[in-house]
Amino acid sequence: MEDNITFISDVTKLKKSKLIIISLIILILLVGGFILYKNIFKKSETYTVVNGYVENITDSQGIVIKQEQIVDLNNSNTIIPLTEQGKRVRKTESVAIYKDSKYDEYIQKISDMDKQIETLVKDLPEIYSNDISYIENQIELIGNQAKNTTSYIKMQEYKTKIDELSNQKVTLLGELSPSGSKIRELIEKRTEVEENYRNSSDNVKSPMSGCVTYKLDKMENLSDISKVFNYSANDINDLYEKYKQNPSNDFGIKIVNNFLAYIIVKVKNNDNIKVGNSYSIIFNDIVGMKETVVLNKVVNIDDQNQYCIFEINNGIEELLDSRIENVEIVWTRKTGKVIPLDSIKLNENSNIGYVTVIKNGDYIQIPVKVIISNDNMAVVDNLTDEDKNSNNIQNNNNLEIFDQVVIKE
């Protein structure tokens, strides 16, 4: 009896041992399979070759140097702007009028004629144009916006816009009214009164051609556009530190040359910096502003950094009140076959390397040359016969659009 019990016990232990061994084998196979999958099959992923572009870009800040001139005023609190913020004026053109007794008489005269015009318009059998209704809606909209502002500058801007729209409305009514009619005669008289007042010698005149801004920040005389090429690195540093201070926002009149300005940007030394070349600058804080600029001069800071002085000829209207701008400089941009930089195994000190491509289930090595690259992507091209001969390459495989390039993790 004891022998049977012992036998059963031994069998049970043997079965348990086999089960344990089998379990361990299965576990080892699973772990081994996972490691094999992870290190062989999963180690590679692919990227589809596409036509695209790669840019070399530097992110930085730039200081804006403009030709700007403050208009001398007898009293800034008694002026009424005639020109909307940001609009261009000619030299000696009236940009504002003084709010004095002559102004009060002028406003009263214009108001009386407007009332007469409105009366005549109401008696007309039909509305002449949908444009008139649109202008009236715009005047009402700006009027509602003006009610919510406490800024004197904004109030003057709104008033200038309303005056401009009112003049447009009157002009349109005059054009649509029959020649010789009472309303046409009255509108022509109103236009004459307005033109005479706007051209009065007592008005505030622009000292130069350019764009008007009514915002002064007390930094207008810190830089001199005529001396920008004589600035040293220390001069630029000093100017940058002053521009970083919180500028004031006072009301006044300033004219800014909208045909010429400079932006000085600190960048790390790179092979793309060439005086005389044109580059693109993206102004990150101004929606949609990307301008072509010319690099006029480079000022060395140290062994690793330089100040680049770029000339701007367009888009200056957006920079009237700017001192410091966050920018991206696009040094180069190339189009072609775009692949991840990690997929290229480059030869030492060379722009020529190899990529692995899966074609019909086979892994194929293809030689390529890098045209341009950034931190992540590269534009590549197939080697020419001359490239192959000079690098002793016998491989004739070519990279094509839609090929699956292997990326090593």
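The values are calculated or read from the model by the stated rules, or taken from the named source; none is laboratory data. Note that the structure is a prediction, hence the values are computed from the model and not measured. Cβ placement follows ideal geometry from the backbone for every residue including glycine, while neighbour counts extend to all protein chains displayed.
Mind listing just one residue for me: the one in region 302-337 that is among the aliphatic types (A, V, I, L, M) and surrounded by fewer than 19 Cβ atoms within 10 Å (Cβ to Cβ) and, of those, farthest from the chain's Cα centre (by Cα)? Full working, then the answer.
Taking region 302-337 and keeping what is among the aliphatic types (A, V, I, L, M), we get 309, 312, 316, 319-320, 324, 327, 329-330.
Then drop every residue that is not surrounded by fewer than 19 Cβ atoms within 10 Å (Cβ to Cβ), which leaves 324, 330.
Values: I324: 14, V330: 12 Å.
Once the filter is applied, the top-ranked residue is I324.
Evaluate region 292-301: report whether one residue or more is surrounded by 15 or more Cβ atoms within 10 Å (Cβ to Cβ), touching a Lys or Arg at 6+ places or on another chain (Cβ under 7 Å), charged (D, E, K, R) and assigned by TED's automatic domain parsing to the domain that holds F229. No: zero hits.
Is it true that V204 is out of contact with any Asp or Glu (no Cβ under 9 Å at 6 or more places or on another chain) and either surrounded by 14 or more Cβ atoms within 10 Å (Cβ to Cβ) or under 30 Å from C308 (Cα atoms) (or both)?
no
For region 247-258, taking the residues that are modelled with pLDDT under 95 and out of contact with any helix residue (DSSP H, G or I) (no Cβ under 7 Å at 6 or more places or on another chain), the one that is nearest to T83 (Cα to Cα) is identified as I253. For E291, the requirement of being at pLDDT 95 or above and acidic (D, E) is met.
Matching residues to (1) farther than 17 Å from Q61 by Cα; (2) small (G, A, S); (3) assigned to a strand (DSSP E or B):
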{"site": "I255", "(1), (2), (3)": "yes, no, yes"}
{"site": "Y262", "(1), (2), (3)": "no, no, yes"}
{"site": "K266", "(1), (2), (3)": "no, no, yes"}
{"site": "V275", "(1), (2), (3)": "yes, no, no"}
{"site": "Y279", "(1), (2), (3)": "no, no, yes"}
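Are any residues in region 146-176 surrounded by 13 or more Cβ atoms within 10 Å (Cβ to Cβ), of a type in the set (S, T, N, Q), at pLDDT 70 or above and under 20 Å from F251 (Cα atoms), and if so, which ones? Once the filter is applied, which keeps residues that are surrounded by 13 or more Cβ atoms within 10 Å (Cβ to Cβ), of a type in the set (S, T, N, Q), at pLDDT 70 or above and under 20 Å from F251 (Cα atoms), region 146-176 yields only T160.
Restricting the search to region 371-396, which residues are part of a strand (DSSP E or B) and on the phi > 0 side of the Ramachandran plot?
First pass over region 371-396, keeping only residues part of a strand (DSSP E or B): 371-373, 377-382.
Selection gives nothing.
Checked against (1) closer than 21 Å to E311 by Cβ; (2) more than 21 Å from the chain's Cα centre (by Cα), L260 passes all but condition (2). Being modelled with pLDDT under 95, aromatic (F, W, Y), more than 23 Å from K215 (Cβ to Cβ) and assigned to a strand (DSSP E or B) is a condition met by at least one residue of region 341-362.
In the set (1) within 29 Å of M219 (Cα to Cα); (2) in a strand (DSSP E or B), the condition left unmet by V368 is number (1). Inclusion of V275 among residues that are aliphatic (A, V, I, L, M), at pLDDT 95 or above and over 30 Å from I97 (Cβ atoms) is warranted.
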